[in-house]
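These notes concern the structure reproduced below.
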Amino acid sequence: MPAVQLVELAHARSGDKGDVVNIGVIAYEPEHYPLLVEALTPVRVQEHFGDMVRGTVARYELPNLHALNFVLPGALGGGGTVSLMMDAQGKVFSTALLRMEVEVPDEIARRVRGRGRAPPYPEEDETHP
């Protein structure tokens with residue numbers, strides 16, 4: 001099966017509280033929600049972030065919203081007030097997760113390829129030289 005980036009199937013938001021990051025992943029299309037449930041296991045998300053997450057990732061399913069919520073403890077080096085990290089907040093974790101590759105059937109890969117990204121400006125567009 002071909003792989004696409006998660007950003008082509010879903011959008012996401014993230015935030016933090018202390019040393020814990022919370023990531024919500026929402027399918028663009030309800031019919032893609034089962035693909036997210038299958039592909040985005042807590043273990044897979046933990047592996048994606050590697051050493052950045054010291055705790056065990058938890059996943060909560062929200063089928064009525066076609067969404068998943070992940071809680072990543074120990075991801076911010078102690079949190080914003082004590083961490084020496086350049087950005088000790090969880091705002092960019094959603095962007096990092098959206099770069100994960102997800103295997104999907106051929107037909108879905110063809111339909112979603114390029115979604116979730118701003119199209120390049122046309123070369124002759126007068127407003128964006």
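Key figures for this structure:
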{"item": "Rg over Rh, two decimals, the stretch 3-112 (C-alpha only, Kirkwood Rh)", "result": "1.00"}
{"item": "Contact order relative to length of the stretch 3-112, as percent, for alpha carbon pairs under 8 angstrom and 6 or more apart", "result": "39"}
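Where a number appears in this text, it was derived from the coordinates with a stated rule and is not lab data. Because the structure is predicted, anything quoted here is derived from the model rather than measured.
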